[in-house]
Protein chains: 2
Amino acid sequence: MKYGIIGTGAIGGFYGGMLAHAGCDVHFLLNTDYDEVKANGLQIDSCDGNFHLDKVNVYHEVSDMPVCDVVLVCLKTVKNNLLESMLPNIVHERTLVVLIQNGIGLESDLQSVFPHLHIAAGLAFICSSKIGKGHICHQCYGRLTLAPFGHEYLDVTAQVVGDFIRSGVQAFTAEYHIARWKKAVWNVPFNGLTVALNTTTDKLLANRDIEKQIHNIMLEVIHAANRINPRKPIDDSFADEMIQQTKVMTPYSPSMKLDFDNRREMEIHYLYERPFMDAARAGYDMKRVKFLSDELRFIQHSYIM
Amino acid sequence: MKYGIIGTGAIGGFYGGMLAHAGCDVHFLLNTDYDEVKANGLQIDSCDGNFHLDKVNVYHEVSDMPVCDVVLVCLKTVKNNLLESMLPNIVHERTLVVLIQNGIGLESDLQSVFPHLHIAAGLAFICSSKIGKGHICHQCYGRLTLAPFGHEYLDVTAQVVGDFIRSGVQAFTAEYHIARWKKAVWNVPFNGLTVALNTTTDKLLANRDIEKQIHNIMLEVIHAANRINPRKPIDDSFADEMIQQTKVMTPYSPSMKLDFDNRREMEIHYLYERPFMDAARAGYDMKRVKFLSDELRFIQHSYIM
């Protein structure tokens, strides 16, 4: 199986690197780090053991890449508009495209551009960051969940899970709707509030009233999910579970906070505006999510753009 | 009539200064500026004409002040706990105490400490700031509304209004509940959001979604007011009116933003927590106000205290 990695940063560099390190046939698309990785390979500092990939298949243009059986999209979602021109270069009719990204509605938007494409969500539970050109630091966790979108499980899905497990990544499959929204339960409060209040997860949870608001926001996400898909409801207790898990995590800056700190565009659309719109269409008003969302747009406009 | 001014800053310095300038018998309590004003008097730079008061009755200790017929309390509300020990020094049984302060519940709290005290709310529509020791800058507006709390209009109220009018201050009387809550309709969204988003009123209103949230918050304040006092409801259109008026104002930093910028304690209790609690007791949940309130407490804890 040929793997294509679109976006070789904290996520794509780590998961693609793990596959390549285990001997899979992996092809990386790079932008700013192309020359460095072409010359010197990819360095992965990982809590599970460091390694260096001396020879890496790297490309600066997607048109130079081979057609792949699996494409892992690891871009920031603010760049997903690029997929329309990129993907036709590297997919055949049975390629599986896995969006290892945060947010709600990503797969549906991509499917509307490519009605016959096989798409899956990739939910990464990982602390990883790019700390230099071609240099990834994987601090902890790393679990990856694949959730097929709008189609039955394909053989290729099982093969991908198998390749990841053989590469040392804990990989699973899950039901799409539940998987995406459960991830949002954590992402929505913690990404936005660490930016709006310029802080870290531990400091948010050290404040009783803010912990309550995080819980309120989580319930808004759960209730939106359940309104949109009532057949498989997420239980309210999942919010408590997420808060308890976060309390025992080390102090953490979510990806949106890192984007904010580095004055990069934040993933406001797919993490806030899109779930709000989907919920509104289903008749549910995510009041606090919308308030936080509007604050984030204002902050981005003031400080970044 | 003898006037006592508790807190000689942007508000007390201006209104007390106007009365003194017109020849009223005014006695000022000062803290940090005492020596300066004792030596050099009080300077008022006003859009309506500058003036200097050479000889001012100033006091550093409330126990040195004479008993007054009218006391204008112009402290920040975070210092209202001082009133319990201060007021008995300067009131007789018919003294009118006017709280020229922002927020909800101030008069009720003071009345519970002094059950027989005559109290009125003072609503100042003014842009004024202290720009140096004993030096007040009154930029614009200046209207003052007196609203008797829990008692009929007293003769003294009419006298105070008359003294202000003769001093060049537009003064009125109004019904207490309506006056306090209508002021809160403007104060609650603009004070908190200029702090949370570190900006000014004009920039808030230049963002469509934030303008909508300001409108939402104003409606929460109006609906809380109407739930608490259904007999004299405030119309929803008052929110539109306030937004339109603010759009034609010059860019403005509300008092809480000035407190934040100068790392002073913010008036979160009486502007946010108290209206939220009063509304909750009446069965109305001010969701957005509570969210903003919790953000402000977090911000104050992070940056100021």
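In the protein assembly as shown, what percentage of the DSSP-assigned beta bridges are antiparallel, given to the nearest 5?
Values: 32 of 89 bridges.
In the protein assembly as shown, approximately 35 percent of DSSP beta bridges are antiparallel ones.
Note on B:GLU61 and A:LYS55: the model spin-label points, each 7 Å out from Cα along the C-beta direction, lie 9.1 nm apart.
Sorted from shortest to longest, the distances between the A:HIS92 label points of this copy and the other copies are 10.2 nm, with each point 7 Å from Cα along the line through the beta carbon.
Nearest 5 percent is fine: what portion of the DSSP beta bridges confined to chain A is antiparallel? All intermediate terms of the calculation are to be shown ahead of the outcome.
Working: 16 of 44 bridges.
Once the DSSP bridges in chain A are tallied, antiparallel ones form about 35 percent.
For the stretch B:53-172, the Kirkwood radius over C-alpha pairs fed into Stokes-Einstein at 10 °C and 1.306 mPa s yields D = 103 µm² per second. Given the DSSP H assignment, sum -39500 (n - 2.57) over each helix run of at least 4 residues in chain A and divide by its residue total; what's the result at 222 nm in deg cm²/dmol, nearest 500? Here the helix-only value at 222 nm equals -13000 deg cm²/dmol. Magnitude of the charge dipole for the protein assembly as shown, about its Cα centre and with charges confined to Cβ atoms of Lys, Arg (+1) and Asp, Glu (-1), is about 280 debye. What angle do you read, to the nearest 10 degrees and between 0 and 90, between the alpha-carbon axis of helix A:176-196 and the longest principal axis of chain A? Rounded to the nearest ten degrees, it is 70. In whole Å, what is the distance between the alpha-carbon centres of the stretch A:29-81 and the stretch B:238-270? Going from one Cα centre to the other spans 49 Å. Each residue, A:GLN170 and B:ALA174, gets one label point 7 Å from its Cα in the Cβ direction; the gap between the two is 6.0 nm. Sites listed here are trypsin sites (Lys or Arg not before Pro) in the stretch B:171-239 whose DSSP assignment is loop and whose Cβ has at most 12 other Cβ atoms within 10 Å: B:ARG231.
Across the stretch A:153-305, the fraction of Cα-Cα pairs farther apart than 25 Å, rounded to a whole number, is 37%. Here the alpha carbons of the stretch B:223-282 define both size measures, Rg and Dmax, at 14.9, 41 Å. At an R0 of 51 angstrom, the distance between the Cβ atoms of A:ALA280 and B:LEU82 translates into a FRET efficiency of 0.60.
Note on A:ALA206 and A:TYR303: the extension gain reaches 32.2 nm, defined as 0.36 nm multiplied by sequence separation minus the Cα-Cα distance. Multiplying the residue separation of B:GLU265 and B:ARG143 by 0.36 nm and subtracting their alpha-carbon distance yields 41.3 nm.
For B:ILE165, inter-copy separations between label points set 7 Å beyond Cα along the Cβ vector come to 8.8 nm, shortest first. Scoring A:253-260, A:79-86, A:189-196 by mean Cβ neighbours within 10 Å over their residues and listing the highest first yields A:189-196, A:253-260, A:79-86. Rg/Rh, computed from the Cα trace of the protein assembly as shown with Rh as the Kirkwood radius, has the value 1.11. Only Lys, Arg, Asp and Glu carry charge here, each on its Cβ (+1 for the first two, -1 for the last two); on that basis chain A has a dipole of about 540 debye about its Cα centre. With Cα atoms as the point set, the radius of gyration and Dmax of chain B evaluate to 18.8, 54 Å.
Positive end of the dipole of the protein assembly as shown (Cβ unit charges, origin at the Cα centre): among B:LEU83, A:ALA171, B:ALA224, the Cα lying farthest that way belongs to B:ALA224.
The phi-based Karplus calculation (6.51 cos²θ - 1.76 cosθ + 1.60; θ = phi - 60°) puts the 3J(HN,Hα) values of the stretch A:134-150 at x, 10, 9, 10, 9, 6, 6, 6, x, 4, 10, 10, 9, 10, x, 9, x Hz, whole numbers, x for Gly and Pro.
Mean per-residue shielding of peptide B:205-213 is 4, counting Cβ atoms of other chains within 10 Å of each Cβ. Modelled spin-label separation between A:MET249 and A:SER108, with each label point placed 7 Å from Cα along the Cα-to-Cβ direction: 2.5 nm. In the assembly of identical copies, A:LEU154 has its label point, taken 7 Å from Cα in the direction of the beta carbon, separated from the corresponding points by 8.3 nm (ascending, one decimal).
Determine the sum of side-chain charges near A:VAL70: Lys and Arg each +1, Asp and Glu each -1, restricted to other residues whose C-beta is under 11 angstrom from that of A:VAL70.
On the way: positive: A:LYS2, A:ARG94; negative: A:ASP25, A:ASP69, A:ASP163.
Charge balance near A:VAL70 sits at -1.
Compared with the dominant principal axis of the Cα atoms in chain A, helix A:208-228 is inclined by about 70°. What angle, in degrees between 0 and 90 and rounded to the nearest 10, separates the Cα long axis of helix A:12-21 from the longest principal axis of the Cα atoms of chain A? Helix A:12-21 and the main axis of chain A meet at about 40 degrees. Taking Lys and Arg as +1 and Asp and Glu as -1, the other residues whose beta-carbon sits under 15 Å from that of A:ALA239 total -1.
None of the figures in this text is laboratory data; all of them are computed from the coordinates on show. As the structure is a prediction and not an experimental result, all values here were calculated from the model. Cβ atoms come from the backbone with ideal geometry, glycine included; neighbour counts cover every protein chain shown.
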